[in-house]
1. Which aspartates and glutamates, if any, have their Cα less than 19 Å from the Cα of Lys40, not counting same-chain residues under 8 positions apart?
2. Excluding Ala103 itself, what net charge comes from residues whose Cβ is under 14 Å from its Cβ, given Lys and Arg +1 and Asp and Glu -1?
3. Calculate the spin-label point distance for Leu177 paired with Arg30, positioning each point 7 Å from the Cα along the beta-carbon direction, and give it in nanometres.
Amino acid sequence: MLDLHHFSENPQNAQKQENQRTRLTKRLLRESLLELLKEKPVEHITVKELCELAELNRSTFYAYYNNVPALYQEMGGELAQALLDHIRAINQGGGVDTAPMLAYIRDNRERFRLLVYRDEYLNANQPVQRQIIEGYFGLAPELALPCAPEEREYFLQYLYMGGTGIIHRWVQNECGLPPEQVAGLIDALVRRAVSG
């Protein structure tokens, strides 16, 4: 007689094993990509060398991603979202407290350096930086800005890009200054710009 109980449990176990296998595979690919990013930009990393480092075959890679930049974008997007979630959690409607945000970046500086602030100069069109900019605008307090209402978007972009440029340089310099000092610099520059 056929044991139906065995078949009813098997799909769950198979799915659990598949989920574990997927997580392990993605973790190996992510760790390997971070290692390769220490040596060269994502544009020069091939699927072949990524798979060799991860000890996976290329068909496994293509089961999850179309190309290396897609994996890079996913990792950067998740890091950007984690930063925005952190900012939202520490700033319950009272604006944005810069020092804890910078402490979070410092504590994860290697990932931020490799995935977000990787270029020598700030590139606001890079998708991960764009995600942070747009998310940050959504969290920005309603500032009294010294500009006409139709100029507000431009003024906020100016303020944000200046602050982001400072953070970018700070990360490129291995977060050498304390977060509180960098936060004070950013806050002082914003206050000076806003006061007109």
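Coordinate-derived values only; no laboratory data. The structure displayed is predicted, hence computed values, not measured ones. Cβ sites come from the backbone with ideal geometry, for glycine too, and all protein chains shown count toward neighbours.
1. Within reach: Glu31, Glu49, Glu52, Glu74, Glu110, Asp119, Glu120, Glu174.
2. Working: positive: Arg106, Arg109; negative: Asp97, Asp107, Glu180.
With Lys, Arg at +1 and Asp, Glu at -1, the net is -1.
3. About 3.1 nm, to one decimal.
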